[in-house]
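Trainee: Here it is: the structure, laid out below.
Read-outs: derived from the displayed coordinates by stated rules, not from any lab. On a predicted model such as this, the values are computed, not experimentally measured, just so you know. Glycine gets a Cβ as well: all are built from the backbone with ideal geometry, and neighbour counts include every protein chain shown.
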Amino acid sequence: MRRISPVLQQDGVDPDLISLLKTILAACREIAFRVSQGELAGVLGSTLAENVQGETQKKLDVIANELLKEVILETGVVKAISSEEEDTIVPGNPRGRFLVTFDPLDGSSNTDINSLIGTIFSILPADANKEADDASQFLQAGTAQLAAGYVLYGPSTMLALTTGKGTRLYTLDKTYGGFLLTEEHATIPKYTAEFAINMSNQRYWQPAMQRYIADLLQGKEGPRGKNYNMRWIAAMVGDVHRVLCRGGIFAYPRDMKDPTKPDKLRLMYEANPMSFLVEQAGGASSTGYERIMDIVPTDIHQRVAVILGSKHEVETCVGYHKTN
Ligand code: AFP
């Protein structure tokens, strides 16, 4: 099996970007070890702090964030980073060529139940005409991403990565300590009979999503003419990995449970990198009203509704939103 560097070199990826990606993956290997140690390393449970999202920070959230922030800024090729766990951007080398935005530990509420969690990252070009501490340089549409990926800390530690030439899957070989290519062309089937959504929010959804899911639940006797299965991991990284492996539709739609926060998932370090991976694997990703990767952000922590996965199923769901 091929190691990641020659694969990226063969794809013609910029050597500085390859070096940055390998640095991020080195940090993820350390996070994978800490996660696997769990209570033995005293890393479970919560801190007394809250992040900018108003969420209680898990110990592993803080450990993962500090680790990634340190190694990424040490590379010298990064102008600034943005993180779910950082209120504002953290400037790096003023002459850095890249911006990195990441969710250090997605699904962190799963840490205490030994369930799936992961690290999600997105790499954008830096703006030579802006200062390193100018947050506006991050406000680029998802189509500007140079690379995007996640590391899934599961029974095996897996990496999904795209640089715009398809989506590849790698598995961490813990003997030699590197990621080996295990799926050269991840491909999402166009059709599916599996959906992932948090059904407990059903009464808060918009009518279009309520109608779409109601039709799925009617199964063979209903308008869709087939039975659907449901999964919900409560960690986007786990649900998206399943979609990349066998298809499906994942949705965290707009809901009015908290009218001040109608959308839950963050555009820059969750929706955009996942949308890049999914589209490069032949899938689709929408808010229900527009392609997620076309959205020009207005804030580094902006939230957005997400409907992604098997192309035909996403297009069908978007169709319900057109007739709303
Ligand atoms: P945490 O990182 O706070 O666990 O949130 C994970 C997440 O942002 C995303 O990864 C999941 O798909 C979604 O939230 C789960 O949300 P619910 O807990 O409302 O189902």
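Trainee: Please identify the trypsin sites (Lys or Arg not before Pro) of the stretch 1-87 that satisfy two criteria: DSSP loop assignment and at most 14 other Cβ atoms within 10 Å. Which are they? All intermediate terms of the calculation are to be shown ahead of the outcome.
Mentor: Working: sites: Arg2, Arg3, Lys22, Arg29, Arg34, Lys58, Lys59, Lys69, Lys79; in loops: Arg2.
For trypsin sites (Lys or Arg not before Pro) across the stretch 1-87 that sit outside H, G, I, E and B with at most 14 neighbouring Cβ atoms in 10 Å, the list reads Arg2.
Trainee: Go through the stretch 111-126 residue by residue and turn each phi into a ³J(HN,Hα) via Karplus (6.51, -1.76, 1.60, θ = phi - 60°); whole Hz please, and just put x for glycine and proline.
Mentor: Coupling constants for the stretch 111-126: 4, 7, 10, 6, 10, 5, 9, x, 10, 10, 9, 9, 10, 10, x, 6 Hz.
Trainee: Can you compute the charge dipole magnitude of the chain about its Cα centre, using +1 on each Lys and Arg Cβ and -1 on each Asp and Glu Cβ, nothing else charged? Give it in debye, rounded to the nearest 20. Before the final figure, lay out each step's value.
Mentor: Numbers: 33 positive and 39 negative charges, 222 e Å.
I would put it at about 1060 debye.
Trainee: Cβ neighbours within 10 Å, averaged per peptide: list 201-213, 81-93, 160-172, 239-251 in order, most packed at the top.
Mentor: Values: 201-213: 17.4, 81-93: 19.8, 160-172: 21.5, 239-251: 23.4.
Listed from highest to lowest mean packing, they are 239-251, 160-172, 81-93, 201-213.
Trainee: Could you tell me the calculated FRET efficiency between Asp294 and Leu40, based on Cβ-Cβ distance and R0 = 45 angstrom, to the nearest 0.05? List each step's numbers first, then the result.
Mentor: Details: r = 45 Å, r/R0 = 1.01.
The pair Asp294/Leu40 has a calculated efficiency of 0.50.
Trainee: Show the residues, 5+ positions off or on another chain, whose built amide H is closer than 5 Å to the amide H of Asp106.
Mentor: Long-range HN contacts for Asp106: Gly118, Thr119, Ile120.
Trainee: Still on this structure, I have one more. Once phi is turned into ³J(HN,Hα) by the Karplus curve 6.51 cos²θ - 1.76 cosθ + 1.60 with θ = phi - 60°, what whole-Hz value does each residue of the stretch 130-143 show in order, with x for glycine and proline?
Mentor: 10, 5, 4, 9, 8, 5, 5, 5, 7, 7, 10, 4, x, 5
Trainee: Another question about this same structure. Length gain on complete extension for the stretch Thr171 to Lys220, per 0.36 nm per residue less the alpha carbon to alpha carbon distance?
Mentor: On the way: separation 49, 0.36 × 49 = 17.64 nm, distance 3.76 nm.
Residue separation times 0.36 nm, minus the Cα-Cα distance, leaves 13.9 nm.
Trainee: Kindly provide log₁₀ I(q)/I(0) values, in the same order as q = 0.13, 0.14, 0.19, 0.22 Å⁻¹, from the Debye equation applied to equal alpha-carbon scatterers of the stretch 151-247.
Mentor: For the stretch 151-247 at q = 0.13, 0.14, 0.19, 0.22 Å⁻¹, log10 I(q)/I(0) is -0.60, -0.67, -0.97, -1.13.
Trainee: Run the simple label-point estimate for Asp258 and His185 please: 7 Å along Cα→C-beta, distance reported in nm.
Mentor: If labels sit at Asp258 and His185, their model points lie 4.3 nm apart.
Trainee: Of all the C-alpha pairs in the stretch 223-273, what % are more than 14 Å from each other? Don't skip to the answer; put the middle values down first.
Mentor: Values: 808 of 1275 pairs.
Pairs farther apart than 14 Å: 63 percent.
Trainee: Rounded to the nearest 0.05, what FRET efficiency is calculated for Ala193 and Ala234 with R0 set to 25 Å and r the Cβ-Cβ distance?
Mentor: Numbers: r = 21 Å, r/R0 = 0.85.
According to the calculation, E is roughly 0.70.
Trainee: Largest first, please: the extent of the C-alpha atoms of the chain along each principal axis, to the nearest Å.
Mentor: 58, 45, 44
Trainee: Run a plain Debye calculation on the stretch 194-322 (Cα atoms as equal point scatterers, no solvent) and give log10 I(q)/I(0) at q = 0.15, 0.17, 0.19 Å⁻¹, rounded to two decimals, same order as the q list.
Mentor: Here the Debye-derived log intensity ratios amount to -0.65, -0.85, -1.08.
Trainee: Right, something else. Which cross-chain or sequence-distant (5 or more) residues have an amide H under 5 Å from the amide H of Phe179, H modelled 1.01 Å from N in plane?
Mentor: Amide H neighbours of Phe179: Ile4, Asp173.
Trainee: Same structure, new question: Give the residue from His312, Ser46, Ala160 lying farthest towards the positive end of the charge dipole for the chain; charges sit on Cβ (+1 for Lys and Arg, -1 for Asp and Glu) and the dipole is referred to the Cα centre.
Mentor: Going by the charge dipole, the pick is His312.
Trainee: Quickly work out the Phe33-to-Asp112 label distance, labels modelled 7 Å from Cα along the C-beta direction, and quote it in nm with one decimal.
Mentor: Here the answer is 2.7 nm between the modelled labels.
Trainee: Same structure, new question: Residue by residue, what Karplus-based ³J(HN,Hα) values in Hz, rounded to whole numbers, does the stretch 283-291 have, using 6.51, -1.76 and 1.60 with θ = phi - 60° and x for Gly and Pro?
Mentor: Values per residue, Gly and Pro as x: x, 9, 8, 9, 8, x, 10, 8, 5 Hz.
Trainee: Roughly how big is the stretch 54-202's charge dipole about its Cα centre, with Cβ charges of +1 (Lys, Arg) and -1 (Asp, Glu), in debye to the nearest 20?
Mentor: Values: 11 positive and 20 negative charges, 114 e Å.
Value, rounded to 20: 540 debye.
Trainee: Another question, then. What is the fewest-to-most order of Phe121, Phe33, Phe102, Phe138 by other Cβ atoms lying within 10 Å of their Cβ?
Mentor: Phe33, Phe138, Phe121, Phe102
Trainee: If you don't mind, another one. Give the long-range amide H neighbours of Thr157: residues separated by 5 or more places, or on another chain, with amide H under 5 Å away, using H modelled in the peptide plane at 1.01 Å from N.
Mentor: Residues meeting the criterion, in which the H sits 1.01 Å from N, are Leu172.
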